[in-house]
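In what follows, a structure is listed as structure tokens, so that the remarks can point back to it.
The values are calculated or read from the model by the stated rules, or taken from the named source; none is laboratory data. Computed from a prediction, not measured in an experiment: that's the story for all the values here. Every residue, glycine as well, gets a Cβ built from its backbone with ideal geometry; the counts of neighbours run over all protein chains shown. Ligands, DNA and RNA are excluded from the accessible area calculation, which covers all protein heavy atoms including side chains. Shrake-Rupley method; radii C 1.70, N 1.55, O 1.52, S 1.80 Å.
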Amino acid sequence: MTTTSSGRPYCGETVGGTGHSVAGSLRTHAGATGRVPFSVEFNPPRDGAGEARLWRAVREFERMHPAFVSMTYGAGGSTKDRTVRITGELARETTLLPVAHLTAVGHSVEELRALVGSYADSGIRNLLVLRGDPPGDPLGAWPRHPDGVEYAEDLVRIVRDLGDFHVGVASFPQGHHRSPDLDHDTRFLAAKLRAGAEYSITQMFFDVEHYLRLRDRVVAMDPIEGAKPIIPELMPITSLRTVTRAEELCGRRLTAAVMTRLRKAAGDGPEENRAAVRAEGIEIATEMGQRLISEGAPCLHFITLNFAKATSEVLTNLGYGVTAAPLGA
């Protein structure tokens, strides 16, 4: 049985959401709707105005019933307190199933255990376990805390040993930028899954073939672990500035085909045709979603940057809409 940071036993009751775990919620939503579920990612806001915007997005998506929502965690724990608080509020005050990000970078094992206890205090038992990016430069040297862990696989084991938690991990369709090759990267993913992770969420990508080949590699390396959900992550591009943000987040350049489409939409004038770029970005995300659905993806996970409109448009294009009542468990 898990002990929370306050010393109270944590028995694993579900607070919020339509399933006890991400994998269970995916099955519930697929069974209830007959279609591929979707999920969304939020970021901890920096101030009161940002928090108000986040909650507007939360309520908009709540009406569309995602299978789960995830809350990111600032590099080195820079948003730790805000992340824990808001993720707990999502559990207590909405019908959503929240997933909290937990990163190893900058933390000792003792601090990580205490943080897991804080999540348990808030009713959170779904965690996305990540090695994490170093503060300042996400692509820079990775500093191991002297009393911390080296790899996400180690953190998966720590969380699973603490009690009744459901754990997901990251996967990388084009390989992690620190991996020497795709085979090495796939071995690390398989090891994280064997350590107890129940699913993975990919880094964002803009070529569906990269996702499909990742899925093939995991199945070929370990058919048992390859049967676990690999959830593709998408981000609708709404301006050329968000292209830079997308490339920073994934550590990879967008494909030439995607950049050609976006630059053509932007036009040759002194000012970017933002409306045209946004429309093209929505179309690209819609096309990717259609292909992923046809290829049997278990879920579509959207980076929202705490805005609902662009992702909602893509979901509407894909046939998702607002329903009158939440799905039954």
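For the reader, a short list of remarks on this structure follows.
- Exposure ranking of 222, 268 by accessible area [1.4 Å probe, largest first]: 268, 222
- Using a Förster distance of 45 Å, the FRET efficiency for residue 93-residue 151 (Cβ separation, nearest 0.05): 0.80
- Those aspartates and glutamates that a straight Cα-Cα span of less than 13 Å connects to residue 80, excepting residues fewer than 8 apart in one chain: 111
- Gain upon complete extension [residue 59, residue 220; 0.36 nm per residue less C-alpha separation]: 53.9 nm
- Under 5 Å, built H, 5+ apart or other chain: amide partners of residue 101: 71, 128
- Surface composition of segment 215-281: carbon plus sulfur atoms hold 53% of the accessible area, using a 1.4 angstrom probe and ignoring ligands, DNA and RNA.
- Between residue 177 and residue 295, the contour length at 0.36 nm per residue exceeds the Cα-Cα span by 39.9 nm.
- Rounded to 0.05, the FRET efficiency of the residue 109 and residue 253 pair, given R0 = 45 Å and the Cβ-Cβ distance, is 0.80.
- For segment 35-104, the solvent-accessible area works out to 35 Å² per residue, with a probe of 1.4 Å and every protein chain left in place.
- With 0.36 nm allotted per residue and the present C-alpha distance subtracted, the residue 121-residue 275 stretch has 51.0 nm of extension available.
- Among 206-214, 185-193, sorting by the average number of other beta carbon atoms lying within 10 angstrom of each residue, highest first, gives 185-193, 206-214.
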